[in-house]
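S.K.: Have a look at this one before I ask anything.
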Amino acid sequence: MHVIITGGTGLIGTALVQNLLEDGHQVTVLSRSSQKKQSPALDGANVVGWDSRTAEGWGHLADGADAIVNLAGAGIADRRWSAERKRQILESRVDAGKAVMEAIRNAKQKPKVLIQSSAVGFYGPSDDRELSERSSPGSDYLAQVCFEWEASTAGAKALGVRRPVIRTGIVLSTKGGALPKMLLPFQFFIGGPLGSGKQYFPWIHIADEVRAIRFLLESPDADGPYNLAAPNPPTNAEFSKQLGEAMSRPSLMPVPGFGLKILFGEMSTVLLDGQRGTAEDRTRLRFQLHRSRPRADRRLAEQEVADDLHTQIPRACAAFGCGRLSSADGQHGQDHAAADPGAGSPCAGAGGQRRTDGVHHVDGSPAGALGGPIRGRSRR
């Protein structure tokens, strides 16, 4: 299978590239940065330059390709949202979608499937309401971005190209994204919930994200939007408490919402608002998350956290004493893999083995000290 990936140098894209290459697929990564072309994470992939706005220089590759995965877009939480930054966030996504559509329209043999990235922010901030793939879009800035992001490739269906849309939650991985930033205050015993802590925290393990994308790529019946987040998401306060317990740290220092608004401005909505997403359409496809599932028995969930920290990953890693925390190929990871050959490297981002037991599972190894076992509580 030949897969073209935009945004292939980001957190999700890099893990997906590695996963596809491991299975012997041909991968083309579109990159704007000459430095990223040399990234060891992309070894084995065909890295092609693009301007992220047109099909110039790469569009011919879409002719005969099996799939395109469109993940491209400027970082949401990289900096405060000035008017210029908000424009960049939106235009980088819409322009990339238009470029992908240009390539598909010009291809004589069109790709069979286009995976279009989006986020659970599509629904806007929510209270206790459950949000399925059929819920209406929100009206805030992030919801507008997601709506236009999805719309940028909506014409693919008319061209005969299947188009699953992935509305992703907060991706947890020790290799980047939100988790390392969340761990830091707990390391210094000042961790706690953000704002009121009542906002829902729709998270997904990086291994589950990659497996879900692979499933949607390879499932001919998969089309339309899919919420990629753990079922029964915890609130921010619940998640913070479990994070503290996993690190043997208290979760008693709430960060005032007004302080976050002063510090981050409008961007604080990323931290202070959330969505309680459900996955009706994903469930109908008999696709189950493996590393992002809640446990009805909370004590079992906490024990799994403890087991991962004490037996698979040294406590020095959990406390950031190990400089190789996110190394997928160093001796540190090899030592763990030797102890449990079937689990893959616990320090890897998206490794592991797939199961074939009749139900489509995501079966990734832990993404690091805390990337996999943190669970949301089942609500009673």
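S.K.: Residues in the range 167-181: is at least one farther than 28 Å from Ser132 by Cα, among the hydrophobic types (A, V, I, L, M, F, W, C) and surrounded by 20 or more Cβ atoms within 10 Å (Cβ to Cβ)?
M.R.: Looking for residues that are farther than 28 Å from Ser132 by Cα, among the hydrophobic types (A, V, I, L, M, F, W, C) and surrounded by 20 or more Cβ atoms within 10 Å (Cβ to Cβ), one finds none in the range 167-181, hence no.
S.K.: With Gln199, Gln242 as the choices, which residue is at pLDDT 90 or above, surrounded by 18 or more Cβ atoms within 10 Å (Cβ to Cβ) and in contact with a helix residue (DSSP H, G or I) (Cβ under 8 Å, 6 or more places away or on another chain)?
M.R.: The match here is Gln199.
S.K.: So, Ala207, is that one part of a loop (DSSP other than H, G, I, E, B), buried (at least 20 other Cβ atoms within 10 Å of the Cβ), in contact with a Ser or Thr (Cβ under 9 Å, 6 or more places away or on another chain) and modelled with pLDDT under 95 or not?
M.R.: no
S.K.: Can you name every residue in the range 231-279 that is polar (S, T, N, Q), assigned to a loop (DSSP other than H, G, I, E, B) and under 10 Å from Tyr200 (Cα atoms)?
M.R.: Result: Asn232, Gln275.
S.K.: Can you tell me which residues in the range 252-275 are touching a Leu at 6+ places or on another chain (Cβ under 8 Å) and crowded, with 22+ Cβ neighbours inside 10 Å?
M.R.: Once the filter is applied, which keeps residues that are touching a Leu at 6+ places or on another chain (Cβ under 8 Å) and crowded, with 22+ Cβ neighbours inside 10 Å, the range 252-275 yields only Gln275.
S.K.: Could you name every one of the strands (runs of 3 or more DSSP E) located completely within the range 44-149 that has at least 3 residues being surrounded by 17 or more Cβ atoms within 10 Å (Cβ to Cβ) and at negative phi? Steps first, please.
M.R.: Numbers: elements: 46-49, 67-70, 113-119.
The qualifying strands (runs of 3 or more DSSP E) are 67-70, 113-119.
The values are calculated or read from the model by the stated rules, or taken from the named source; none is laboratory data. A quick note: this is a predicted structure, and the numbers were derived from the prediction, not measured. Quick reminder, even Gly has a Cβ in these numbers, built from the backbone with ideal geometry, and neighbours come from all protein chains shown.
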